[in-house]
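Chemist: Below is a structure I'd like to ask you about.
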Amino acid sequence: MTEYEPPRSREQRKQDVLDHLRQEEDVWVATASPDGVPTLVPLSFLWEDDSGTLVMATRRTNPTAANVTPHGLIRVTVGHTRDVVLIEGEARIVEAADLPPTTRDAFAAKLRGWRPSGPRYVFLRITPHTVRAWREENELADRDLMRTGTWLP
C-alpha cells in the first residue's frame, strides 16, 4: 500500500500554486474549436501577480488562437501528474502593440529574451475562473482553491 504525505492546507496549496505560476515557464493549454475538435499544446507563459492573469503568445493562425476567439474558454495545466494545477478561465486575444510595455518586458525577461511581435503573433491574456490543485488522492476532496474568479478562504 502506498503511503501519502498528509494533505496540504488550502493556504499551503494556494502558495504552492502561486509559486508554480511565478517559476514555471511552460503550461499545457487546451481549447476546442466551435465544432468540438480539441487542441492541446504547450505554451510558455508569464503570471502577472498584479492582475492575476496568465499571459502567453502564439501565432495568430494556430488553432489555439482561433479557438479562443469565438467563446474565450480555455483550460491550462501546470506541473506534473503528482502536483497538478488546473486552471479554467477565459482567454482574450491581445495584439502585441496593445500589451503594456511592462508586460512585454516581463514576458521577455522570463523567457530569456523571446519577444513575439508583428502581425504573426498575438498574446492571450487568461483570467482564471477556477483553480484546482492536488498531489494525491488525499487532496482531491479540497482541490478547489478558486471559484468564480475568487480565491477561497
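Chemist: Out of the residues in segment 22-46 that are open to solvent by 90 Å² or more (accessible area, probe 1.4 Å) and in contact with a strand residue (DSSP E or B) (Cβ under 6 Å, 6 or more places away or on another chain), state the one that is nearest to residue 88 (Cα to Cα). Write out each step before concluding.
Modeler: Residues of segment 22-46 open to solvent by 90 Å² or more (accessible area, probe 1.4 Å): 22-23, 28, 34-35, 38, 40.
Those still in the list that are in contact with a strand residue (DSSP E or B) (Cβ under 6 Å, 6 or more places away or on another chain) too: 22, 28, 38, 40.
Details: 22: 18, 28: 12, 38: 15, 40: 14 Å.
If we take residues in segment 22-46 being open to solvent by 90 Å² or more (accessible area, probe 1.4 Å) and in contact with a strand residue (DSSP E or B) (Cβ under 6 Å, 6 or more places away or on another chain), then 28 is nearest to residue 88 (Cα to Cα).
Chemist: Can you work out which of the residues in segment 10-50 that are at pLDDT 95 or above and of a type in the set (Gly, Ala, Ser) is farthest from residue 133 (Cα to Cα)?
Modeler: 44
Chemist: Open to solvent by 30 Å² or more (accessible area, probe 1.4 Å), of a type outside the set (Ser, Thr, Tyr) and closer than 21 Å to residue 136 by Cβ: which single residue out of 19, 49 fits that description? Step through it out loud before you land on a result.
Modeler: On the way: 49 fails: closer than 21 Å to residue 136 by Cβ.
Checking each option against the conditions leaves just 19.
Chemist: (1) among the aliphatic types (A, V, I, L, M); (2) open to solvent by 30 Å² or more (accessible area, probe 1.4 Å); (3) touching a residue at least 40 places away in the same chain (Cβ under 8 Å): which one isn't true of residue 97, the others all being true?
Modeler: Result: residue 97 passes all but (3).
Chemist: Suppose we filter segment 27-54 for residues that are among the aliphatic types (A, V, I, L, M) and over 20 Å from residue 123 (Cβ atoms); how many remain? Spell out how you get there, then give the answer.
Modeler: So the first thing to find is which residues in segment 27-54 are among the aliphatic types (A, V, I, L, M), and the list is 27, 29-30, 32, 37, 40-41, 43, 46, 54.
Applying the additional criterion that residues be over 20 Å from residue 123 (Cβ atoms) yields 32, 37.
Of the residues in segment 27-54, 2 are among the aliphatic types (A, V, I, L, M) and over 20 Å from residue 123 (Cβ atoms).
Chemist: Find the residue count for segment 52-70, including only residues that are touching a strand residue (DSSP E or B) at 6+ places or on another chain (Cβ under 9 Å) and either under 15 Å from residue 21 (Cβ atoms) or open to solvent by 80 Å² or more (accessible area, probe 1.4 Å) (or both). Steps first, answer last, please.
Modeler: Within segment 52-70, the first condition is being touching a strand residue (DSSP E or B) at 6+ places or on another chain (Cβ under 9 Å), and the residues that meet it are 52-60, 62-69.
From what is left, the residues that are either under 15 Å from residue 21 (Cβ atoms) or open to solvent by 80 Å² or more (accessible area, probe 1.4 Å) (or both) are 52-56, 59-60, 69.
Residues flagged as touching a strand residue (DSSP E or B) at 6+ places or on another chain (Cβ under 9 Å) and either under 15 Å from residue 21 (Cβ atoms) or open to solvent by 80 Å² or more (accessible area, probe 1.4 Å) (or both) within segment 52-70 amount to 8.
Chemist: Report, by residue number, each residue of segment 25-38 that is assigned to a loop (DSSP other than H, G, I, E, B) and either under 29 Å from residue 14 (Cα atoms) or not charged (D, E, K, R) (or both).
Modeler: Taking segment 25-38 as the starting set, the residues that turn out to be assigned to a loop (DSSP other than H, G, I, E, B) are 25, 33-37.
25, 33, 34, 36, 37 - these are the residues of segment 25-38 that are assigned to a loop (DSSP other than H, G, I, E, B) and either under 29 Å from residue 14 (Cα atoms) or not charged (D, E, K, R) (or both).
Chemist: Hey, another quick one. What are the pairs, 6+ residues apart or on separate chains, where a residue within segment 66-88 that is within 17 Å of residue 38 (Cβ to Cβ) has its Cβ under 6 Å from a residue that is of a type in the set (Val, Ile, Thr) and open to solvent by 30 Å² or more (accessible area, probe 1.4 Å)?
Modeler: 86/77
Chemist: Now for a different question. State all residues of segment 51-69 that are out of contact with any Leu (no Cβ under 8 Å at 6 or more places or on another chain) and closer than 18 Å to residue 128 by Cα; if no residue qualifies, say none.
Modeler: 51, 52, 53, 67, 69
Chemist: Given the options 13, 104, name the one that is surrounded by 15 or more Cβ atoms within 10 Å (Cβ to Cβ) and closer than 25 Å to residue 138 by Cβ. First the steps, then the outcome.
Modeler: Working: 104 fails: closer than 25 Å to residue 138 by Cβ.
After ruling out the rest, the residue left standing is 13.
The values are calculated or read from the model by the stated rules, or taken from the named source; none is laboratory data. Please read all numbers here as calculations on a predicted model, not as lab measurements. Note that each Cβ is placed from the backbone with ideal geometry, even for glycine, and that neighbours are counted across all protein chains shown. For the accessible areas, the whole protein counts, side chains as well, though only heavy atoms, and no ligand, DNA or RNA atoms are used. Shrake-Rupley method; radii C 1.70, N 1.55, O 1.52, S 1.80 Å.
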